[in-house]
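The values are calculated or read from the model by the stated rules, or taken from the named source; none is laboratory data. Quick caveat: nothing in here was measured; it's all calculated off a predicted structure. Note that each Cβ is placed from the backbone with ideal geometry, even for glycine, and that neighbours are counted across all protein chains shown. Ligands, DNA and RNA are excluded from the accessible area calculation, which covers all protein heavy atoms including side chains. Shrake-Rupley method; radii C 1.70, N 1.55, O 1.52, S 1.80 Å.
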Amino acid sequence: MSLAEVLPPLVRLAGERSVNGEVLAENRALILVTTFYVLGISLERILPEAAGWPRPARRTVTIDGREDFAKHFMVSASIAAYADTTLADAIGLYKEVEDSRSGSGFSFNDIAADRAGTKFGEKAVASESSAQQLQRRVAAGLKDSDLMPVWSDLPEFMPEAEFKRRFGGVDAPAYRGMMQKIEQRVAALRVLH
């Protein structure tokens, strides 16, 4: 199931619940609940009373058919909504550097999903006006391309040596150029305007 299908009904509910001015709190709650669902984590971990609540059917949530994109997007959105964008960006970059050393490799695709989620989470709680505007956009319906920028031409699965050879590391001009391309693509996402 696409995250673009999951978010609109939850955002509509948050909009109904935030009529009396709790729009930022409602947006944070919907982001947290969605993140837990996407990650397959029970709400009981933070709310013991959830043990008696009805359990939703478990489904794999994706963006553009990729489960990892939905996870990156929602985790970054949560961190941005509850902490700040600098922390969300730092954690996303740290994960990719670690992946280049001992995992699936450095992925600019994952970074794009992280950045899109960070901007989503930031917009969801920036101000009442911004939060309400995001609610209206999401409630009207989404496509995957509203959440995730074009990514098919971005390099991924790069071990550390390849990443350094091609991009010179996270302080090098080639890396900064790729990040600028990603930031421009994220800034153009329809859901953010």
Looking at Asp114, Asp89, Asp110, can you tell me which residue is outside any loop (DSSP other than H, G, I, E, B), under 19 Å from Gln180 (Cα atoms), open to solvent by 30 Å² or more (accessible area, probe 1.4 Å) and of a type in the set (Asp, Glu)?
Asp89
Quickly run through region 76-85 and pick out the residues that are hydroxyl-bearing (Ser, Thr, Tyr), modelled with pLDDT of 90 or more and either open to solvent by less than 50 Å² (accessible area, probe 1.4 Å) or out of contact with any Lys or Arg (no Cβ under 9 Å at 6 or more places or on another chain) (or both).
Ser76, Ser78
Take Leu30 and decide whether it is open to solvent by less than 70 Å² (accessible area, probe 1.4 Å) and either acidic (Asp, Glu) or closer than 20 Å to Leu134 by Cα (or both).
yes
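Test Leu13 against the criterion of being at pLDDT below 95, of a type outside the set (S, T, N, Q) and under 20 Å from Leu147 (Cα atoms), and give yes or no. Please lay out each step first, then the result.
Values: at pLDDT below 95: yes; of a type outside the set (S, T, N, Q): yes; under 20 Å from Leu147 (Cα atoms): yes.
In short, yes.
Yes/no per residue for (1) open to solvent by less than 60 Å² (accessible area, probe 1.4 Å); (2) at pLDDT below 95; (3) over 22 Å from Glu98 (Cβ atoms); (4) in a helix (DSSP H, G or I):
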residue: Trp151; (1), (2), (3), (4): yes, no, no, no
residue: Pro155; (1), (2), (3), (4): yes, no, no, no
residue: Glu162; (1), (2), (3), (4): yes, no, no, yes
residue: Arg166; (1), (2), (3), (4): no, no, no, yes
residue: Val170; (1), (2), (3), (4): yes, yes, no, no
residue: Gly177; (1), (2), (3), (4): yes, no, yes, yes
residue: Lys181; (1), (2), (3), (4): no, no, yes, yes
residue: Gln184; (1), (2), (3), (4): no, no, yes, yes
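For the condition more than 14 Å from the chain's Cα centre (by Cα), open to solvent by less than 30 Å² (accessible area, probe 1.4 Å) and hydroxyl-bearing (Ser, Thr, Tyr), what is the one hit in Ser42, Ser18?
Checking each option against the conditions leaves just Ser18.
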